[in-house]
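The values are calculated or read from the model by the stated rules, or taken from the named source; none is laboratory data. Predicted, not measured: the structure shown is a model, and the values here were computed from it. Note that each Cβ is placed from the backbone with ideal geometry, even for glycine, and that neighbours are counted across all protein chains shown.
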Amino acid sequence: MRMRATARGWTAVWLVVLALVQAVAFLAVWRVAVHTGTGQWVDTVALTGNEIGYDRIDGPVDRILNAMSVVSLLVATATIGFIALIRGRTALAVAATLLIAGANLSTQLLKYGLGRPDFGVDPERTAVSNSLPSGHTAVAASVAVALMFVLPRKVRAVGAFVGAFYAAAAGVATLSAGWHRPSDAVAAYLVVGVWAALAGLLLPITQREEAQIEPGDAHRLAAVVLGVAGVLALVASGVALSWLVDLRTIGPQELSRRPLFIAYAGSAAGIAGTMSVVMALALIVVHRLVPRVKG
């Protein structure tokens, strides 16, 4: 019993650390992207670059974004809760619902509660004010992570890859459609990551005595692949965007096609990389939150 309590305690500590790290990362993204002239300039250049090749992808982009609505979110939440319930995991159903509801509610509160100073970088969108975090991206990411939580262990890794790809595509789609700046999508993923950790704290408390944590259920390889791919994408994004900073004295509309494409592609890599890392962090700990049960 003491070993079981110790294991639960360390799991809770790990979840708290994950929540704090992702919350700090959110604050850093918000501070740099919104409250510095350079951050706003990079965001605006990337958003301006979405015009390159948009005619070729507008169909898929519109379908991805139009599929996200309040009704679809409610249906997805009910479906995820149902999967947990038919597996006999009531606490998991509650945690998954809390993840989705908390992430999307806090996203809306942050979007309308945070300010955005006007540095004159993007006068065309000054009236739009703050758009961080992205609501559409939060919907996709929260559903993807929650679904990975409730899936049986045999298909959990597949669900993680499919969910990460879907959520990353949704984030890039908001940029491609001109709905959101890249930092908006990145911030949304971090909000979801924080809520995944917080919701996960409910599960060790309610674990049955028959619960068996098996190291083989950790999906370490899948988590490493997702994590490494995400880090590499983030490094590529950092290299691309740091190259752009030397051009910050030029207005976004005055830049040539090459820097606009680099900004767009680099930002898309950053969006996809962030989602991949968030999913990897959730996947590496989920076997301790939803362990096997004897019988």
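Here is a yes/no grid of residues against (1) under 20 Å from the mean Cα position of the chain (by Cα); (2) farther than 16 Å from residue 157 by Cβ; (3) not small (Gly, Ala, Ser):
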{"site": "221", "(1), (2), (3)": "no, no, yes"}
{"site": "233", "(1), (2), (3)": "yes, yes, no"}
{"site": "243", "(1), (2), (3)": "no, yes, yes"}
{"site": "246", "(1), (2), (3)": "no, yes, yes"}
{"site": "256", "(1), (2), (3)": "no, yes, no"}
{"site": "268", "(1), (2), (3)": "yes, yes, no"}
{"site": "271", "(1), (2), (3)": "yes, yes, yes"}
{"site": "279", "(1), (2), (3)": "yes, no, yes"}
{"site": "282", "(1), (2), (3)": "yes, no, no"}
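Does residue 163 satisfy the condition of being in a helix (DSSP H, G or I) and at pLDDT below 95? Explain how you work it out, then say what you get.
Details: in a helix (DSSP H, G or I): yes; at pLDDT below 95: no.
Against the criterion (in a helix (DSSP H, G or I) and at pLDDT below 95), residue 163 does not qualify.
For the stretch 6-42, enumerate the residues that are closer than 19 Å to residue 271 by Cα and of a type in the set (Val, Ile, Thr).
Result: 21, 24, 29, 32, 34, 38, 42.
Can you find a residue in the stretch 99-111 that is touching a Gly at 6+ places or on another chain (Cβ under 9 Å), among the aliphatic types (A, V, I, L, M), surrounded by fewer than 18 Cβ atoms within 10 Å (Cβ to Cβ) and under 23 Å from residue 281 (Cβ atoms)?
no
Given the options 155, 172, 143, name the one that is in a helix (DSSP H, G or I) and free of Cβ contacts under 8 Å to residues at least 12 places away in the same chain.
Working: 172 fails: free of Cβ contacts under 8 Å to residues at least 12 places away in the same chain; 143 fails: free of Cβ contacts under 8 Å to residues at least 12 places away in the same chain.
Only one candidate passes the filter, namely 155.
Can you confirm whether the stretch 137-146 contains a residue that is closer than 28 Å to residue 68 by Cα, touching a Ser or Thr at 6+ places or on another chain (Cβ under 7 Å) and at pLDDT 90 or above? Spell out how you get there, then give the answer.
Going residue by residue through the stretch 137-146, those that are closer than 28 Å to residue 68 by Cα are 137-146.
Filter once more, so that each one left must be touching a Ser or Thr at 6+ places or on another chain (Cβ under 7 Å): 137-138.
Next cut, at pLDDT 90 or above only: 137-138.
Yes, there is a match, as at least one residue in the stretch 137-146 is closer than 28 Å to residue 68 by Cα, touching a Ser or Thr at 6+ places or on another chain (Cβ under 7 Å) and at pLDDT 90 or above.
Yes/no per residue for (1) within 20 Å of the chain's Cα centre (by Cα); (2) farther than 20 Å from residue 170 by Cα; (3) basic (Lys, Arg); (4) assigned to a helix (DSSP H, G or I):
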{"site": "25", "(1), (2), (3), (4)": "yes, yes, no, yes"}
{"site": "50", "(1), (2), (3), (4)": "no, no, no, yes"}
{"site": "88", "(1), (2), (3), (4)": "no, yes, no, no"}
{"site": "95", "(1), (2), (3), (4)": "yes, yes, no, yes"}
{"site": "106", "(1), (2), (3), (4)": "yes, no, no, yes"}
{"site": "112", "(1), (2), (3), (4)": "yes, yes, no, yes"}
{"site": "120", "(1), (2), (3), (4)": "no, yes, no, no"}
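Within the stretch 127-164, take every residue that is over 20 Å from residue 175 (Cβ atoms) and either β-branched (Val, Ile, Thr) or under 10 Å from the mean Cα position of the chain (by Cα) (or both) and give me the one that is surrounded by the most Cβ atoms within 10 Å (Cβ to Cβ).
Only one residue fits best here, namely 145.
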